[in-house]
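The values are calculated or read from the model by the stated rules, or taken from the named source; none is laboratory data. Please read these numbers as outputs of a predicted model, since none were measured by experiment. Neighbour counts run over all protein chains shown; Cβ positions are idealised from the backbone, glycine included. The area values use the complete protein model at the heavy-atom level, side chains included, leaving out ligands, DNA and RNA. Shrake-Rupley method; radii C 1.70, N 1.55, O 1.52, S 1.80 Å.
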Amino acid sequence: QLQLQESGSRLVKPSQTLSLTCAVSGDSISRDNYSWSWLRQPPGKGLEWIGYFYHTGTTYYNSSLKSRVTLSVDRSKNQFSLKLNSVTAADTAVYYCARVFSGAGGYDPFDSWGQGILVTVSS
Amino acid sequence: DIEMTQSPSFLAASVGDRVTITCRASQSIANYLNWYRQRPGRAPEVLIYAASNLQNGVPGRFSGSRSEAEFTLTISSLQPEDFATYYCHQTYSTAQPTFGGGTKVEIK
């Protein structure tokens with residue numbers, strides 16, 4: 001059974017770098033027709049897509065975060081990571097990793113999610 | 001970026017009610033529209049993909065439809081586990097997918 005598990009620092013100081021990892025079990029992140037993504041949700045607010053490794057090999061980033069975000073993948077460990085630098089209080093959110101089914105004609109639903117990790121930006 | 005506008009933002013309903021939520025795109029997105037339910041304290045789960053296709057394992061009381069740039073999620077008979085927040089999600093722009101602001105369904 002597919003499981004995604006986020007891990008990383010839960011408290012980050014302003015101006016520093018937020019680092020998270022998503023460990024995937026029950027599936028391979030190299031599997032055809034699947035992409036892998038990060039999203040976030042500030043407390044009490046809606047969902048925001050951060051970026052993904054698309055199944056074509058291209059990495060896409062949210063244009064509003066692109067200058068601060070780096071996604072990376074470690075296929076040997078079957079995990080992928082997020083780094084967000086120069087954080088402020090506005091980056092406080094629950095961060096989710098998710099799998100994207102990219103084989104359904106490009107409709108790209110997020111079909112499996114991690115439980116989420118609350119990251120607080122505070123001094 | 002493509003903006004997705006959901007309505008209403010909140011609605012109060014009772015168990016057994018028929019509920020309809022609407023999502024409108026700022027431009028044509030064909031049927032590149034997915035729907036999610038997010039129960040309190042939990043991650044979202046996909047209900048509908050490609051505007052009207054029921055995700056495997058999702059109960060048949062959920063359905064989706066499209067009329068040009070307006071999309072509708074219908075719950076035919078609201079169940080206790082359906083008191084949640086619902087989001088639409090466009091993937092017409094592969095490079096910039098976006099979500100609607102959400103619709104919170106509360107108990108009347």
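Check A:Gly51: other-chain or 5+ apart residues with amide H under 5 Å from its amide H, H built from backbone geometry?
For A:Gly51, the qualifying residues are A:Trp38, A:Asn62.
At A:Ser9 and A:Ser86, where each label point lies 7 Å from the Cα along Cα→Cβ, what is the point-to-point distance in nanometres?
With each label placed 7 Å out from Cα toward Cβ, I get 1.7 nm.
Sticking to Cα atoms, compute the Rg of chain B to one decimal and its Dmax as the biggest Cα-Cα distance, whole number, in Å.
Considering chain B through its Cα atoms, Rg and Dmax are 12.9, 39 Å.
Give, ordered by residue number, each residue of the range A:76-114 whose 1.4 Å probe accessible area is reduced by a minimum of 40 Å² on adding the remaining protein chains to the chain alone.
Flagged in the range A:76-114: A:Tyr107, A:Pro109, A:Phe110, A:Trp113.
Per the Debye formula with a single identical scatterer at each Cα and no solvent contribution, what log10 I(q)/I(0) holds for chain A at q = 0.15, 0.18, 0.19 Å⁻¹?
At q = 0.15, 0.18, 0.19 Å⁻¹ the computed log10 ratios are -0.63, -0.91, -1.01.
Give the accessible area for A:Lys66 in Å² (nearest 10); use a 1.4 Å probe, count only protein heavy atoms, and leave out ligands, DNA and RNA.
The accessible area comes out at roughly 130 Å².
Would you pull out the residues with amide H under 5 Å of B:His89's amide H, same chain only if 5 or more places away, H placed 1.01 Å from N?
Hits under the 5 Å cutoff: B:Asn34, B:Gly100.
Once a ≥ b ≥ c are taken as the square roots of the eigenvalues of the Cα gyration tensor of the protein assembly as shown, is the result rounded (a/c under 1.5), prolate (a/b larger than b/c) or oblate (a/b not larger than b/c)?
Note, shape of the protein assembly as shown comes out prolate.
State in Å² the accessible area per residue of the protein assembly as shown; use a 1.4 Å probe, count heavy atoms of protein chains only, and round to the nearest integer.
Result: 45 Å² of accessible area for each residue.
How much of A:Arg10 can a 1.4 Å solvent probe reach, expressed as accessible area in Å² and rounded to 10?
140
Give me a single rounded figure for A:42-50: the average over its residues of other chain Cβ atoms within 10 Å of their Cβ.
Other-chain Cβ atoms within 10 Å of each residue's Cβ, averaged: 3.
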